1. D22 to N68: FRET efficiency via 1/(1 + (r/R0)^6), r the Cβ-Cβ distance, R0 30 Å, to the nearest 0.05?
2. Name the long-range amide H neighbours of R72: under 5 Å, sequence gap of 5 or more, or other chain; modelled H, no Pro or chain starts.
3. Rounded to the nearest 0.05, what FRET efficiency do K180 and M1 have when you use their Cβ-Cβ distance and R0 = 25 Å?
Amino acid sequence: MIRVLLADDQTLVRAGFRSILDGEHGIEAADGAEAVRLARQLRPDVVLMDIRMPGLDGLAATREIAPNSDIRVIILTTFDLDDYVYGALRAGASGFLVKDTEPAELIHGVRVVARGDALIAPAITRRLIAEFTARATHPDPGPRLTALTEREREVMALVAAGLSNDEIAARLVLSPATAKTHVSRIMTKTQVRDRAQLVILAYESGLTVPGWLTPS
């Protein structure tokens, strides 16, 4: 059973998500400060974090919870291009969902993040990453990319484009297991916790730019 912390200042929203996640063990918080306190005290597997809350907002709460922690944060937003979402990903969130997402997608998202992956494949996330990383005017490769092989850089760029391991395998004519191994090694070498952080690094380092990938 996955332990989920629901952090939203609207009681009806929490009730709706609670009913959808009935099969999981739920904890609720009405604001960011309470979310931080409960996360530290109860150590849930996943936090569904509303980004707009009074007092300590979801972005600040994510900064308090996600870094140096095994707790995964999914940002909840009303709009698909919320100005704060990219900041939340940089703060350590593992992805985001819009509040009107389908119940099955919410359940799938929680399970994906709980097992250590990130919500990075949907087209909406690609648009978000492209929108905000395009603002990075001074890319800095930094020392973390120097240890990567050419193949690993190629795989990292495909991860940044939102491709799954299976899609990367098909594009590079590899087995899915080999693609997964490449991704795992890249995350180890670059010292990032999941694919979401790998995407951020790829864009901020200048390894890739929004819209570079053409259909195969």
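1. 0.45
2. V46, V47
3. Computed FRET efficiency for K180 and M1 comes out at 0.45.
Coordinate-derived values only; no laboratory data. Note that the structure is predicted; figures quoted are calculated from it, not measured. Here the Cβ is made from the backbone with ideal geometry for all residues, glycine too, and neighbour counts use every protein chain on show.
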